[in-house]
Amino acid sequence: MNMSDFALIVPEIFVLTMASVILVIDAFLHSDRREIFYLLALTTLFGAIILTWVNHFDGRALGFNGTFVVDTMADVLKFVIYLVTAAIFVYSRQYLKARDLFKSEFYILGLFAVLGMMILISAHSMLTVYLGLELMSLSLYSMVAFNRNNVLSSEAAMKYFVLGGFASGVLLYGMSLVYGVSGTLDLAGVSEYLAAQQSFSAPILLGMVFIIVALAFKLGAVPFHMWVPDIYHGSSSVVTAFISTSAKLAVFGFSMRLLIEGMGIMQDSWRDILIILSVLSLLIGNIVAIAQTNIKRMLAYSTISHVGFILLGFIAANPEGYSAAMFYTVTYAITGAAAFGIVILLSREGFEADNIDDYKGLNYRNSWYAFLMLLVMFSMAGVPPMVGFYAKLLVLKAVIGQGMYWLAIVAVLLSVVGAFYYLRVIKVMYFDGAEDRNKIIVGSGVHAVLSSNALLALLLGLFPGTLISLCLTAIS
Amino acid sequence: MVEKIYLAIPLLPLFGAIAAGLFGRYIGRSGAHWITILSVLGSFVLSTIVIKHIIFDHASVYNEAIYIWMISDGIRFEIGFLIDELTALMIGIVTFVSLMVHIYTIGYMRDDPGYQRFFSYIALFTFSMLMLVMSNNFLQLFFGWEAVGLASYLLIGFWHQRETAILANLKAFLINRVGDFGFLLGIAVIFAYANSLDYAEVFAKAENLSLQTINIFAGSEWNVITMICILLFIGAMGKSAQFPLHVWLPDSMEGPTPISALIHAATMVTAGIFMVARMSPLYELSETALNFILMIGSITALFMGLLGLIQYDIKRVVAYSTLSQLGYMTVALGASAYGAAIFHLMTHAFFKALLFLAAGSVIIAMHHEQDMRKMGGLKKYMPITHWTSLIGCLALIGFPLFSGFFSKDSIIGAVQYSDLSAANTAYMALLAGVFVTALYSFRMYFMVFHTRDRMDEHTREYLTETSWVVTMPLVLLAIPSIFSGFIFEPIVFGEFFSRSIHVADSHNVLNELGSTFEGIQGFVMHAFSGPVTYLAFAGVGVAYWIYVIKPQFAVDMQHRFNLIYKFMDNKYYIDHLYINVFSVAGRAIGKVLWKLGDNVVIDGFIVNGSARAMGWLSNVLRHLQTGYLYHYAFAMIAGMIALISMFVIAVNI
Amino acid sequence: MTFQYGLFMFFAALVVYGAVCVITLRNPVHAVLHLVLTFFASAGLWMLLEAEFLAIILVLVYVGAVMVLFLFVVMMLDINVSETREGFVSYVPVGFLIGLVLLLQIRIVVGSEFFGLDQYPLPVPRPADYSNTAELGYLIYTVYVYPFEIAAVILLVAIIAAISLTMRRRPESRKQMPDKQVKVKADERLKLIKMDAVVSVDKKDQGDDV
């Protein structure tokens, strides 16, 4: 360790400092002036954007005895996390105020969760991977429970906490097996150890399975997905948005670090597991979503099916596949934020717009938001020229490039099934009469952020080149 | 820096289109025309800079990708620009004519409720055409190609309350789809055999492609390059309205007049000609394709001109003349006289825009009356329109020293030197075409501006010259219609296009023609030794005799040769063929497939059946989500054990 | 069989016994006490591994602080034992089966052929003045400073989460307001007012007050 190591973690230090500053200010500020925390939280994220931007360099640097790494992938993922989190913070204000939840702790916990994500993405040792994951998860558990007077939300937090604890335990067990055999926590060390093996011993395989189980849990892949619908449904829409977008990006980074950087050499061993997880996720996610009447549950199952697609990128097991998976995750996070943004926006005091029927005739109530939702749904269904189409295309191409045609065919067929429930939302919005005639009141800032967020799904679909090449450089 | 200029040229009109289209309500009518005119003016000014840069300063050719859209299997899909003399000339023509049309529209559409929408569409049209001509790859070419088609669809059907306008734009769209299908197939063949969409890369592989064959049906071997060229040309036939895909163009007169001028002179129809010239390195390798082009071009040039003789709608006469002139350009392409084709394209752009806008001016003055039988003697009411129309007609028939003279004569001369088997037929057709052109042009001129007044009292009372926004473009277009011919020597004979057009030595007819060239005076003198000029004079003379001296003669002829007249009046029954045979058969097949295939098999069994199955499955599976924590934990542990078993068993056995 | 081996077996047996009791005993107080036993036994195992510092910390922090706190909580909360046990019996067979399968599978992998004594070199005996604590401290503040700081942040988040989720402002609760208490002036504390002597009408009330 030397002082230059600290230069690498300037964004992390900044976020931590700001979160602590907000915490301290909170103790001295009157509760009427909570807007300040909101603004400070946004300032923190924008500061982090600038610092990450300034700190960025081509290439890769390790710090703190190899426990920390900065590379393009980390910077890109962090960058998207800041943006998506900032957008969700903007959406959250009105929603939280209407429920008397507009408190500094929400934003502080959010910032700590972001810090955990940053640490997780930049982890280069199993120790930091675990600590980053715990920091993120702990913050998320408490955010889910934040609406403590709501039974659903408390129940969701309880489930999330217990199952998440279980997954952490499994992860630790897997890591300790890997450590026990390889004798190192460093991911590069693990990779070196594995490269030297002729065949993989049973403990390392078992450790790998445990690690993948934990990954699958965090991603929400079937059969480790059971928490997803309940937590998405139970927590307040803002937290759901946060879990399904920013946290997904972090978990992608987590998978890349552990599975690819650490255990990439074992790809022939883990590929079969991932194929099972991916096909099951596509199957359960797409089919069960059809039967949902609650839009948050529907989006939960849709997330599960998207995870199936992301896993397809890993299955391809080459830089093309990984970058396709990264492109998929990034664009999913963006469209997901827009989708939940609209769900948050349509909710108001004492009313959650979380039933699909609540969207009936949205076009007649507010045609612009109906249009934005249309864009988002099209993108998720993979209709060209939306960005979701490219994401699916790239992943499928990577899989086909490996000669796994049947997998690609299964994925395409199931995403056709999936298109049904996205289109149903559109049908409800455009062809059904409005039951709810309440006016939709939206601040201009939220309006601008949400509009640009949803239009980004279209814009990236029209001009995907930059992001694709960014993902390619990030992986290689 | 140059890159920014190149980028700004198409993007300015796009910006104008978006501003006028999406925010038309906020910026108002004058806002819409100011913003689009200024944006097109901007790109016109930038185009002149590019012309100076490329043509006069001989700057190096710019061929770069601006944006990589995506890379798939090593093939790049890009947006890029190829700026050479051909492009520079084209963007100059497009932006100039478009600018004139924009200004003119202020007057023509003054009272139309869809004012902003119209400006948005024509700016979009300009953008599409600029993207098309500036492209350096087939993908972008196709984008421009389709965008032009879309814009023309929107514009022809601009007055969507009119039944005829809807039919006309549908027709234009469908006929163009037929052409586009060929075009797309052509690009697909290129993609499959050359593995690239980039012009330069494809051209580099052209020699190689010409040695390969493609097996379409069992036993029939086609040369790949011939295949590509003919397929691409089918696309050009649609856009440039060549026989037999020409039927949409006369009907496109249903759109407002400014758009007719834009479609006919500067944008859409020139796309096909431009494309073939751009693809010259491919076409030069296939004599079959060149012969095919010659034949199509000469049929169009002669027979479409003949139809102009019997039209009474002033705009339709001009429309058929466009068809015929496009035939001339196509013939020039077929004879490898690309320079002459582009040159004719340029002069034609000026005088045809002029003729259309003049016809529009007449129509405005006549309160939207288009029938020439109800006009006559307008000379004294509308002097500016009259004189500019006369200039347009003279340029069109190739009267010596007018711009059309130089371009048309060089085409005819070039065809004369061509060794291709279809060249002789084409030459004869073109000669006959000269006479026909002169005849219908001056028939129109005399019927509109001379002879006695045939309009009703009410119209005559208000008959005056149109406002300055209408006449100014006329005058501005009349100038190049007269003088632009004088620059023909470097364009047609010189090395002007040597960087953008490739001509095989054996086909180099322009070179042969150029070797006899001894200055402009010599060219003019030489014209009097050949039949061309006399044929044109004869045409004018006959027109004067029939329509001014003995108006009864035409009516007599019409009765005497009623059968022929009817044949021509029905446009050779091509429309009937399309409507009654192809479309009826197509619809019948479609109906069978719909009833049997769609309703029974696909809808009934596959779609609804599978949807029902999925719905059932979904309802069963959702019950797995019980909500109990220990069920979830149990499922996770069970899943984990299953995964572990896979490995433990595999390792231990 | 050396003395050390005997000790190891003793502590290991204690750990297993304690852990099983924690999850099977019906009385929560007993369960917590068995957890304490498990920690003690684990500390003994760590001693055998020459991890003296960690063993002492385990006893001090977990047994001395955490478990005592835990005992307080368990004793104060009146948990209805029979209710939480509902359905326990019906899941025992399935749970037992799953547990057995998992145990077998892990046993196959984590056997002596991979983690046996012959797989690892014997640890070098340290001299008597070797300081375990100093070594740990050195590592934590140099090599592992980054993970160490993250751990600190996690604890901070845990505190924030616990407070924000449990602290409620109850209207009946009383608290000090230091800022107001400091700013208070003498005349605000005590106010002398003059009033006429009032004779209460209700004699009985008066009598109660006295």
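The values are calculated or read from the model by the stated rules, or taken from the named source; none is laboratory data. Quantities reported herein were computed from a predicted structural model and do not represent experimental measurements. Cβ: placed from backbone, ideal geometry, glycine included. Neighbour counts: every protein chain shown.
Are any residues in the stretch B:114-164 small (G, A, S) and assigned to a helix (DSSP H, G or I), and if so, which ones? Can you show your working first?
Within the stretch B:114-164, the subset small (G, A, S) is B:114, B:120, B:123, B:128, B:135, B:144, B:147, B:149, B:151-152, B:157.
Passing the criteria: B:S120, B:A123, B:S128, B:G144, B:A147, B:G149, B:A151, B:S152.
In the list A:I265, A:I304, A:I273, which residue meets the criterion of being in contact with a His (Cβ under 6 Å, 6 or more places away or on another chain) and either on the phi < 0 side of the Ramachandran plot or touching a residue at least 24 places away in the same chain (Cβ under 8 Å) (or both)?
Values: A:I265 fails: in contact with a His (Cβ under 6 Å, 6 or more places away or on another chain); A:I273 fails: in contact with a His (Cβ under 6 Å, 6 or more places away or on another chain).
Just one listed residue meets the conditions, A:I304.
Which residue out of B:I9, B:I93, B:I54, B:I5 is under 27 Å from B:H502 (Cβ atoms), part of a helix (DSSP H, G or I), free of Cβ contacts under 8 Å to residues at least 40 places away in the same chain and among the β-branched types (V, I, T)? Give the steps one after another, and end with the answer.
Details: B:I9 fails: free of Cβ contacts under 8 Å to residues at least 40 places away in the same chain; B:I93 fails: free of Cβ contacts under 8 Å to residues at least 40 places away in the same chain; B:I5 fails: free of Cβ contacts under 8 Å to residues at least 40 places away in the same chain.
None of the others qualify; the one that does is B:I54.
Would you pick out the residues in the stretch C:9-37 that are within 28 Å of C:L122 (Cβ to Cβ) and in contact with a helix residue (DSSP H, G or I) (Cβ under 6 Å, 6 or more places away or on another chain)?
Across the stretch C:9-37, the qualifying residues are C:F11, C:L14, C:V15.
Only residues that are loosely packed, with under 12 Cβ neighbours inside 10 Å and of a type in the set (D, E, K, R): list them for the stretch B:49-77, please.
Across the stretch B:49-77, the qualifying residues are B:D57, B:D73.
Return yes or no: is B:V555 closer than 30 Å to B:D419 by Cα and part of a helix (DSSP H, G or I)? I'd like the intermediate steps shown before the answer.
Working: closer than 30 Å to B:D419 by Cα: no; part of a helix (DSSP H, G or I): yes.
Here the answer is no, as B:V555 does not meet what is asked.
Could you say whether any residue in the stretch B:359-380 is part of a helix (DSSP H, G or I), buried (at least 24 other Cβ atoms within 10 Å of the Cβ) and of a type in the set (K, R)?
Among the residues of the stretch B:359-380, not one is part of a helix (DSSP H, G or I), buried (at least 24 other Cβ atoms within 10 Å of the Cβ) and of a type in the set (K, R), which makes the answer no.
Listed residues B:N608, B:N619, B:N599; which is surrounded by fewer than 12 Cβ atoms within 10 Å (Cβ to Cβ), assigned to a helix (DSSP H, G or I) and within 14 Å of chain A (Cβ to nearest Cβ)? Let's see the steps before the verdict.
On the way: B:N619 fails: surrounded by fewer than 12 Cβ atoms within 10 Å (Cβ to Cβ); B:N599 fails: within 14 Å of chain A (Cβ to nearest Cβ).
Answer to the selection: B:N608.
Give the residues of the stretch B:481-490 that are crowded, with 21+ Cβ neighbours inside 10 Å and either within 22 Å of the chain's Cα centre (by Cα) or among the aromatic types (F, W, Y) (or both), sorted by residue number.
Result: B:S481, B:S484, B:F488.
Step by step: first the residues of the stretch A:435-451, then only those that are assigned to a helix (DSSP H, G or I) and touching a residue at least 60 places away in the same chain (Cβ under 8 Å), then the one that is surrounded by the fewest Cβ atoms within 10 Å (Cβ to Cβ). Which residue is that?
So in the stretch A:435-451, the residues assigned to a helix (DSSP H, G or I) come out as A:444-451.
Applying the additional criterion that residues be touching a residue at least 60 places away in the same chain (Cβ under 8 Å) yields A:445-446, A:449-451.
Values: A:G445: 10, A:V446: 19, A:V449: 20, A:L450: 23, A:S451: 16.
The selected residue is A:G445.
Out of A:Y364, A:Y328, A:Y332, A:Y369, which single residue is under 22 Å from A:L83 (Cα atoms), surrounded by fewer than 24 Cβ atoms within 10 Å (Cβ to Cβ) and more than 14 Å from chain B (Cβ to nearest Cβ)? Quick ask: steps written out before the conclusion?
Details: A:Y364 fails: under 22 Å from A:L83 (Cα atoms); A:Y328 fails: surrounded by fewer than 24 Cβ atoms within 10 Å (Cβ to Cβ); A:Y332 fails: surrounded by fewer than 24 Cβ atoms within 10 Å (Cβ to Cβ).
Of A:Y364, A:Y328, A:Y332, A:Y369, the one residue that is under 22 Å from A:L83 (Cα atoms), surrounded by fewer than 24 Cβ atoms within 10 Å (Cβ to Cβ) and more than 14 Å from chain B (Cβ to nearest Cβ) is A:Y369.
Residues that are modelled with pLDDT of 80 or more: find the helices (runs of 4 or more DSSP H) completely inside the stretch C:150-209 holding 3 or more of those. Before you say what the answer is, go through the steps one by one.
Working: elements: C:178-183, C:186-189, C:203-209.
By residue number, C:178-183.
Is it the case that some residue within the stretch A:307-326 is farther than 21 Å from A:Y95 by Cβ, assigned to a loop (DSSP other than H, G, I, E, B) and among the β-branched types (V, I, T)?
Looking for residues that are farther than 21 Å from A:Y95 by Cβ, assigned to a loop (DSSP other than H, G, I, E, B) and among the β-branched types (V, I, T), one finds none in the stretch A:307-326, hence no.
If I filter the stretch A:208-246 down to residues being among the aromatic types (F, W, Y) and farther than 30 Å from A:Q94 by Cβ, which single residue comes out as nearest to the other protein chains (Cβ to nearest Cβ)?
Applying the first criterion (among the aromatic types (F, W, Y)) to the stretch A:208-246 yields A:210, A:217, A:224, A:227, A:232, A:242.
Now restrict to residues that are farther than 30 Å from A:Q94 by Cβ: A:210, A:217, A:224.
Values: A:F210: 8, A:F217: 7, A:F224: 5 Å.
Among residues in the stretch A:208-246 that are among the aromatic types (F, W, Y) and farther than 30 Å from A:Q94 by Cβ, the one nearest to the other protein chains (Cβ to nearest Cβ) is A:F224.
From (1) within 12 Å of another protein chain (Cβ to nearest Cβ); (2) over 19 Å from C:G116 (Cα atoms); (3) of a type in the set (G, A, S), pick out the condition that doesn't hold for A:S176.
(2)
Given the criteria among the hydroxyl-bearing types (S, T, Y) and over 24 Å from B:H102 (Cα atoms), does B:S152 qualify?
Spelling it out, it is not the case that B:S152 is among the hydroxyl-bearing types (S, T, Y) and over 24 Å from B:H102 (Cα atoms).
Look at the stretch A:275-302 and say how many of its residues are surrounded by fewer than 24 Cβ atoms within 10 Å (Cβ to Cβ), farther than 17 Å from B:N619 by Cβ and within 11 Å of another protein chain (Cβ to nearest Cβ).
2
Would it be correct to say that B:K566 is without any contact (Cβ under 8 Å) to a residue 12 or more places away in the chain, among the basic types (K, R) and more than 9 Å from chain A (Cβ to nearest Cβ)? Walk me through it before giving the result.
Values: without any contact (Cβ under 8 Å) to a residue 12 or more places away in the chain: yes; among the basic types (K, R): yes; more than 9 Å from chain A (Cβ to nearest Cβ): yes.
Yes.
B:G182 - would you say it is buried (at least 21 other Cβ atoms within 10 Å of the Cβ) and modelled with pLDDT of 80 or more?
Working: buried (at least 21 other Cβ atoms within 10 Å of the Cβ): no; modelled with pLDDT of 80 or more: yes.
No: the conditions fail for B:G182.
Which residue, of B:I637, B:I589, is among the aliphatic types (A, V, I, L, M) and either more than 54 Å from the chain's Cα centre (by Cα) or under 30 Å from B:M447 (Cβ atoms) (or both)? Break it down stepwise before answering.
Details: B:I589 fails: either more than 54 Å from the chain's Cα centre (by Cα) or under 30 Å from B:M447 (Cβ atoms) (or both).
Exactly one of B:I637, B:I589 is among the aliphatic types (A, V, I, L, M) and either more than 54 Å from the chain's Cα centre (by Cα) or under 30 Å from B:M447 (Cβ atoms) (or both), namely B:I637.
If I go through the stretch A:69-108 residue by residue, how many of them are assigned to a strand (DSSP E or B) and surrounded by 24 or more Cβ atoms within 10 Å (Cβ to Cβ)?
From the stretch A:69-108, those assigned to a strand (DSSP E or B) are A:69-70; that's our starting set.
Retained after the next criterion (residues that are surrounded by 24 or more Cβ atoms within 10 Å (Cβ to Cβ)): A:70.
Counting residues in the stretch A:69-108 that are assigned to a strand (DSSP E or B) and surrounded by 24 or more Cβ atoms within 10 Å (Cβ to Cβ) gives 1.
For B:F517, are the conditions met, namely being in contact with a Phe, Trp or Tyr (Cβ under 8 Å, 6 or more places away or on another chain), farther than 20 Å from B:D419 by Cα and outside any helix (DSSP H, G or I)? If you could, list the steps in order and put the result at the bottom.
On the way: in contact with a Phe, Trp or Tyr (Cβ under 8 Å, 6 or more places away or on another chain): yes; farther than 20 Å from B:D419 by Cα: no; outside any helix (DSSP H, G or I): yes.
Considered against the rule, which asks whether it is in contact with a Phe, Trp or Tyr (Cβ under 8 Å, 6 or more places away or on another chain), farther than 20 Å from B:D419 by Cα and outside any helix (DSSP H, G or I), B:F517 comes out as no.
Only one of these is out of contact with any Pro (no Cβ under 7 Å at 6 or more places or on another chain), over 28 Å from B:L477 (Cβ atoms) and not acidic (D, E): B:I83, B:I66, B:I37, B:I5. Name it.
Numbers: B:I83 fails: over 28 Å from B:L477 (Cβ atoms); B:I37 fails: over 28 Å from B:L477 (Cβ atoms); B:I5 fails: over 28 Å from B:L477 (Cβ atoms).
B:I66 is the lone residue from the list that is out of contact with any Pro (no Cβ under 7 Å at 6 or more places or on another chain), over 28 Å from B:L477 (Cβ atoms) and not acidic (D, E).
Given the criterion over 25 Å from the mean Cα position of the chain (by Cα) and at pLDDT 75 or above, identify the matching residue among B:V542, B:V503, B:V475.
Values: B:V503 fails: over 25 Å from the mean Cα position of the chain (by Cα); B:V475 fails: over 25 Å from the mean Cα position of the chain (by Cα).
Testing whether each residue is over 25 Å from the mean Cα position of the chain (by Cα) and at pLDDT 75 or above leaves just B:V542.
Search the stretch A:1-29 for residues being within 12 Å of chain C (Cβ to nearest Cβ) and not in a helix (DSSP H, G or I), and hand back the single one that is surrounded by the fewest Cβ atoms within 10 Å (Cβ to Cβ).
Only one residue tops the list, namely A:N2.
Does any residue of the stretch C:131-148 turn out to be surrounded by 10 or more Cβ atoms within 10 Å (Cβ to Cβ), over 26 Å from the mean Cα position of the chain (by Cα) and of a type in the set (S, T, N, Q)?
Yes, the conditions are met somewhere in the stretch C:131-148.
Give the residue that is surrounded by the fewest Cβ atoms within 10 Å (Cβ to Cβ), with candidates limited to residues of the stretch A:33-57 that are of a type outside the set (A, V, I, L, M, F, W, C) and over 10 Å from A:Y82 (Cβ atoms). Spell out the reasoning first.
Looking only at the stretch A:33-57, we keep the residues that are of a type outside the set (A, V, I, L, M, F, W, C), and these are A:33-35, A:38, A:43-44, A:47, A:52, A:55-56.
When the remaining residues are screened for being over 10 Å from A:Y82 (Cβ atoms), the result is A:33-35, A:38, A:43, A:55-56.
Details: A:R33: 9, A:R34: 19, A:E35: 11, A:Y38: 20, A:T43: 13, A:N55: 16, A:H56: 16.
Selected residue: A:R33.
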